[in-house]
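**Student:** One structure is given below, represented as structure tokens, and several questions about it will come after.
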Amino acid sequence: MEDRQIVDLYWARSEDAIEKTQEKYGKYCLYIAKNILGSDEDAEECVNDAYVNVWNSIPPNRPEKLSAFIGKITRNLALNRISYKKAKKRAGQSELVLEELEECLPAMQGDPSDELLLRDALNCFLASLPRLTRMIFMKRYWYMASVRDIANDCGVGESRVKVTLMRTRTKLKEYLEKEGINI
Amino acid sequence: MRNKKLLDAMSLADEKFVAEAAPKYKSSRTLQKRIVLIAAIVTSLILSVGLWLFVPYSYVPENLRPYVDSEYFGVISALNSYNSNTPAVFLNNFDRYKFYYTQAEDLQGNIAVEDGVKEEADDMVAELPTSPAPDGAPNAGSVTESTADNVNKPSYEETTDNQVEGVIESDLFKRSDKHIFYLHGDTLKVYSIEKESSRLVSSLDINAFEGDYGISFEMFLSKDAKTLTVIASGYEREQRQTVVSLISFDVSEPEREISQKAKISVCGSYLSARLVDGDILLMTKFGAKQSTSFAKESDYIPQIDCGEGFSSVPAESIIYPEELTSSVYTVICRIDEDGLTLKDSVSLLSYSQEVYVSADNIYAARSFSKPEGRLGYTLFTAMTEITRISYSDGSFKNCGSVTLEGYIKDQYSLDEYEGILRAVTTTEKTVTYKKYAENLAINEELATSASLYCIGISDMKVRSSVIGFAPRGETVRSSRFDGDTAYICTAVQLTDPVFFFDLSDINNITYKETGNIEGYSSSLIELGGGYLLGIGYGSFSSTLKIEIYEESDSGVVSVCKYELPHTYFSQEYKSYYINRDENLVGLGITELYEEKESRYILLLFNGDELCEILNLALSGENHAKRAVLIDGYFYMLGGDDFKVEKLF
């Protein structure tokens, strides 16, 4: 079923909307949640919460790309949930990702940038990257996928994934410093 | 944590970047890899098998130096030269296996290799009768003791309409004055001749004597009716090829016992056989293997087993032309009927066509094409070489050859009479490129016809001939010689003229014909009294037509005919019952429609018309049905049926 048709179900308040969403994006959301949370149980709970959030968000929203819409909701819910988890070992890839992102942070230069500025800068940076590099970066820092999974998905070796991520992080740091963006 | 905020900030990434990096699920990726791997393996397998099946064979001539001192060096050289210049019999492995598979099916499912070791069957005894048949009812399924008087010695009675008087042809049906012997598949059945009380008195499984598996073809019965010699084909494991065996049985008292007497085997396939003055002339075909190293004689030299294992025929007994046109031999063995001892043999390499046996000579034919280079194409003319082998003085002797234009249809296309060999051929030419056949002049040249030759047997030279007497496009369908007369039927499809040739003066041969008649005769039989009988097809290929012709002043006329539509019959001449004394004609038929019943019909020619006097159900294949008139009773055999009808 097309995304537009599923969104129409939400607008019609049809109970089939969630079922169709689950059929089409269930595995996708579970993948995102599990990468962040590390636990099947937590991931399933998070995904269920995401369905509720989508139901409550549509209407008034009418997303064109339902995958991105529900993917973001799932990711945010997972990240919020991780804040309350105390055991690092059950935190999936998130702790590792956080540590890696430490390198990207520019030095403190005054007031934090607003969200809009950050968003534009980030997207411009991502747009400037080669496709494969961008995919690897997004898979790691948006989807929180493991290096191995990224390597398998992209058909490259793990070493290449690690090197690509390291170089891209360095570039992001330089870019953010050049743009004068503080986080 | 600032890095946490950056992590959160990643949520602001554009949807298109998120979608671009969406994961491909591990299962689908793995599945994709597996599909690609399997496809690659399957493609490799198909390519490998295809290469193995379809890569063409090539023949590399062998160095013949090691065989210089061999007694077969002449044959080896001829075969080596032939193999080098001839495309492989099989183009590739696919061609080879397709041939063997088709050949196996053609053996009518009788091929079966038994596991284990077969015991020698020298002392096997026929099944003894177990229960009597109902009185007065001939029943092929029951066995009982005969009540015939065994004091009088049996005598042989001829049942086969032999082409040459005194040269007895083998058949699956023979009789003495007391018993009828009939080969039904691999089973020999013996019936008593007792009119309405006739019955099956004995049966014998020939397969038990044959080896791994076998097919029984035909048999001979000795003049004293005590020895029955069966010709059977089987598979010889050691030679890894088919063999033809003669197996003789003592049938002096078939109700009591049928025991094996002797056996002799020849490698190859069965062609035909004759019995002349107590000697069996067995004719077989043996094909030399094309891919041969010549190290193994049995691959290219005919083999005979006289009871002490297979051995090669003597080199001096092999006859072959300067240039081979085939790697197949016609092997002729002269075998004493009583003990099945080999008296002599001759092997004709490159000969694989018909064999005609007269009272003193054997004529073996081989066909080949004579090329003639023309501008832009090659014209091939069908030719036949006939070699005369005399046997009347006890041993085979090569007496020369003659080459004629055309090809021979069957043994009835040849006849020896008063020192002259008469031969009828169908003449045929072909070209290499069909487009040239559009040229009218070449078309005319390519049309088939028929020719008649008279050859002096003393020097095998053509004395006279009638070339192209048949209408253009026609081929010889049947022929028969009777003294100074030759009867020849030609046809293109379903219209035939029948020719009557007067050969009383071979330097002035004349002939008359019927003109076009609907249908054609596949067999012509002289009935005596100036009448000629034709058995064949009517205006439709599914119509049986039996017609009587006679010669008039102006030509040949049809006296009468009998037709049965929607009927199948066999072209096996031996299956026809011909009684010239009583003017009877009988044969097996199968109705093509309705119940598709298998039957037997008997016709009487009263001088004016052919009258059906018998028409009854008789099972079995038409080519294997047989019948005989004995003391006013008509005995018929076919399949599992044995029937007796009172006629006169």
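The values are calculated or read from the model by the stated rules, or taken from the named source; none is laboratory data. Fair warning: this is a prediction, and the values are worked out from it, not measured in the lab. Note that each Cβ is placed from the backbone with ideal geometry, even for glycine, and that neighbours are counted across all protein chains shown.
**Student:** Of all residues being assigned to a loop (DSSP other than H, G, I, E, B) and more than 19 Å from B:D8 (Cβ to Cβ) in the stretch A:128-142, which is farthest from the other protein chains (Cβ to nearest Cβ)? Just the residue, please.
**Tutor:** Residue satisfying both the conditions and the ranking: A:P130.
**Student:** Of B:L564, B:L524, B:L532, B:L603, which residue is modelled with pLDDT of 85 or more and closer than 18 Å to B:A627 by Cα? Show your work before the answer.
**Tutor:** Numbers: B:L564 fails: closer than 18 Å to B:A627 by Cα; B:L524 fails: closer than 18 Å to B:A627 by Cα; B:L532 fails: closer than 18 Å to B:A627 by Cα.
Unique residue meeting the criteria: B:L603.
**Student:** Can I ask one more? Do the conditions hold for B:R463, that is, is it under 16 Å from B:A423 (Cα atoms), at pLDDT below 90 and assigned to a strand (DSSP E or B)?
**Tutor:** Numbers: under 16 Å from B:A423 (Cα atoms): yes; at pLDDT below 90: no; assigned to a strand (DSSP E or B): yes.
No, not satisfied.
**Student:** I would also like to ask the following. Out of the strands (runs of 3 or more DSSP E) lying entirely within the stretch B:272-361, which hold 1 or more residues that are of a type in the set (G, A, S) and out of contact with any Asp or Glu (no Cβ under 7 Å at 6 or more places or on another chain)?
**Tutor:** Values: elements: B:279-287, B:303-305, B:310-312, B:328-336, B:342-349, B:355-357.
Once the strands (runs of 3 or more DSSP E) in the stretch B:272-361 are filtered for at least 1 residues that are of a type in the set (G, A, S) and out of contact with any Asp or Glu (no Cβ under 7 Å at 6 or more places or on another chain), what remains is B:279-287, B:310-312, B:342-349.
**Student:** State whether the residues of the stretch B:231-246 include one that is over 23 Å from B:E354 (Cβ atoms) and among the aliphatic types (A, V, I, L, M).
**Tutor:** There is no residue in the stretch B:231-246 that is over 23 Å from B:E354 (Cβ atoms) and among the aliphatic types (A, V, I, L, M).
**Student:** Could you check how many residues of the stretch A:173-183 are within 14 Å of chain B (Cβ to nearest Cβ) and farther than 15 Å from A:E99 by Cα?
**Tutor:** As a first pass, look at the stretch A:173-183 and keep what is within 14 Å of chain B (Cβ to nearest Cβ): A:173, A:175-177, A:179, A:181-183.
Among the residues that remain, those that are also farther than 15 Å from A:E99 by Cα are: A:175-177, A:179, A:181-183.
Number satisfying all stated conditions: 7.
**Student:** For the stretch B:85-93, does any single residue satisfy the condition of being surrounded by 13 or more Cβ atoms within 10 Å (Cβ to Cβ), at pLDDT 85 or above, more than 14 Å from chain A (Cβ to nearest Cβ) and in a helix (DSSP H, G or I)? Lay out the reasoning, then the answer.
**Tutor:** Within the stretch B:85-93, the first condition is being surrounded by 13 or more Cβ atoms within 10 Å (Cβ to Cβ), and the residues that meet it are B:86, B:88-93.
The next check asks that each one be at pLDDT 85 or above; those that pass are none.
No, the stretch B:85-93 contains no residue that is surrounded by 13 or more Cβ atoms within 10 Å (Cβ to Cβ), at pLDDT 85 or above, more than 14 Å from chain A (Cβ to nearest Cβ) and in a helix (DSSP H, G or I).
**Student:** Evaluate the following for B:G307: is it surrounded by fewer than 18 Cβ atoms within 10 Å (Cβ to Cβ), farther than 30 Å from B:V201 by Cα and more than 21 Å from the chain's Cα centre (by Cα)? I'd like the intermediate steps shown before the answer.
**Tutor:** Values: surrounded by fewer than 18 Cβ atoms within 10 Å (Cβ to Cβ): yes; farther than 30 Å from B:V201 by Cα: yes; more than 21 Å from the chain's Cα centre (by Cα): yes.
Yes; evaluated as a whole, the condition is true for this residue.
**Student:** Here's another thing I want to ask about it. Of all residues in the stretch B:266-282, which are farther than 22 Å from B:R366 by Cβ and in contact with a Cys (Cβ under 9 Å, 6 or more places away or on another chain)? Full working, then the answer.
**Tutor:** So the first thing to find is which residues in the stretch B:266-282 are farther than 22 Å from B:R366 by Cβ, and the list is B:275-280.
Within the stretch B:266-282, B:I280 is the sole residue that qualifies.
**Student:** How many residues does the stretch A:51-81 hold that are more than 8 Å from chain B (Cβ to nearest Cβ), under 15 Å from A:L37 (Cβ atoms) and of a type outside the set (D, E, K, R)?
**Tutor:** Number satisfying all stated conditions: 5.
**Student:** Would you mind listing the strands (runs of 3 or more DSSP E) fully within the stretch B:499-561 where at least 2 residues are touching a strand residue (DSSP E or B) at 6+ places or on another chain (Cβ under 7 Å) and under 21 Å from B:Y577 (Cα atoms)? Write out each step before concluding.
**Tutor:** Details: elements: B:510-513, B:520-528, B:531-537, B:544-551.
Fully inside the stretch B:499-561 and qualifying: B:520-528, B:531-537, B:544-551.
**Student:** Would you confirm whether any residue within the stretch B:192-199 is more than 21 Å from B:R626 (Cβ to Cβ) and touching a strand residue (DSSP E or B) at 6+ places or on another chain (Cβ under 9 Å)? Even if it seems obvious, please write down each step before you answer.
**Tutor:** Filtering the stretch B:192-199 for residues more than 21 Å from B:R626 (Cβ to Cβ) gives none.
Looking through the stretch B:192-199, none of the residues is more than 21 Å from B:R626 (Cβ to Cβ) and touching a strand residue (DSSP E or B) at 6+ places or on another chain (Cβ under 9 Å).
**Student:** Which of the residues spanning the stretch B:630-648 are basic (K, R) and either crowded, with 17+ Cβ neighbours inside 10 Å or within 13 Å of B:F173 (Cβ to Cβ) (or both)?
**Tutor:** Let us first name the residues in the stretch B:630-648 that are basic (K, R), namely B:643, B:646.
Passing the criteria: only B:K643.
**Student:** Based on this model, can you work out whether A:R148 counts as more than 7 Å from chain B (Cβ to nearest Cβ) and either of a type outside the set (V, I, T) or more than 21 Å from A:K72 (Cα to Cα) (or both)? Show your work before the answer.
**Tutor:** On the way: more than 7 Å from chain B (Cβ to nearest Cβ): yes; either of a type outside the set (V, I, T) or more than 21 Å from A:K72 (Cα to Cα) (or both): yes.
Answer is yes for this residue.
**Student:** Within the stretch A:161-169, can one find any residue that is of a type in the set (S, T, N, Q), more than 8 Å from every other protein chain (Cβ to nearest Cβ), in a helix (DSSP H, G or I) and exposed (fewer than 14 other Cβ atoms within 10 Å of the Cβ)?
**Tutor:** Going through the stretch A:161-169, the residues of a type in the set (S, T, N, Q) turn out to be A:164, A:168.
Adding the requirement that they be more than 8 Å from every other protein chain (Cβ to nearest Cβ) leaves A:164, A:168.
From what is left, the residues that are in a helix (DSSP H, G or I) are A:164, A:168.
Within this subset, residues satisfying the condition of being exposed (fewer than 14 other Cβ atoms within 10 Å of the Cβ) are none.
No: zero hits.
**Student:** In the stretch A:13-50, how many are in a helix (DSSP H, G or I) and either polar (S, T, N, Q) or touching a Cys at 6+ places or on another chain (Cβ under 9 Å) (or both)?
**Tutor:** Here is the first cut: in the stretch A:13-50, the residues in a helix (DSSP H, G or I) are A:16-37, A:40-50.
Remaining after also requiring either polar (S, T, N, Q) or touching a Cys at 6+ places or on another chain (Cβ under 9 Å) (or both): A:21-22, A:29-30, A:32-37, A:43, A:46-48, A:50.
The number of residues fulfilling the criteria is 15.
**Student:** Among (1) acidic (D, E); (2) in contact (Cβ under 8 Å) with a residue 60 or more places away in the chain; (3) closer than 30 Å to B:K429 by Cβ, where does B:E372 come up short?
**Tutor:** Checking B:E372 against (1) acidic (D, E); (2) in contact (Cβ under 8 Å) with a residue 60 or more places away in the chain; (3) closer than 30 Å to B:K429 by Cβ, the one that fails is (2).
**Student:** Also, quick follow-up: Here is a list: B:K223, B:K285. Which entry is under 29 Å from B:Y363 (Cβ atoms), in contact with a Gly (Cβ under 7 Å, 6 or more places away or on another chain), modelled with pLDDT of 90 or more and surrounded by fewer than 23 Cβ atoms within 10 Å (Cβ to Cβ)? Step through it out loud before you land on a result.
**Tutor:** On the way: B:K223 fails: in contact with a Gly (Cβ under 7 Å, 6 or more places away or on another chain).
Being under 29 Å from B:Y363 (Cβ atoms), in contact with a Gly (Cβ under 7 Å, 6 or more places away or on another chain), modelled with pLDDT of 90 or more and surrounded by fewer than 23 Cβ atoms within 10 Å (Cβ to Cβ) holds for just one of B:K223, B:K285, which is B:K285.
**Student:** Let me ask something else about it. Take the conditions in a strand (DSSP E or B), in contact (Cβ under 8 Å) with a residue 24 or more places away in the chain, closer than 20 Å to B:I362 by Cα and among the β-branched types (V, I, T) and apply them to B:I247. Does it pass?
**Tutor:** no
**Student:** Out of A:A121, A:A145, A:A151, I need the residue that is assigned to a loop (DSSP other than H, G, I, E, B) and either within 22 Å of A:I32 (Cα to Cα) or at pLDDT below 90 (or both). Which one?
**Tutor:** Working: A:A121 fails: assigned to a loop (DSSP other than H, G, I, E, B); A:A151 fails: assigned to a loop (DSSP other than H, G, I, E, B).
Going through A:A121, A:A145, A:A151 in turn, the sole match is A:A145.
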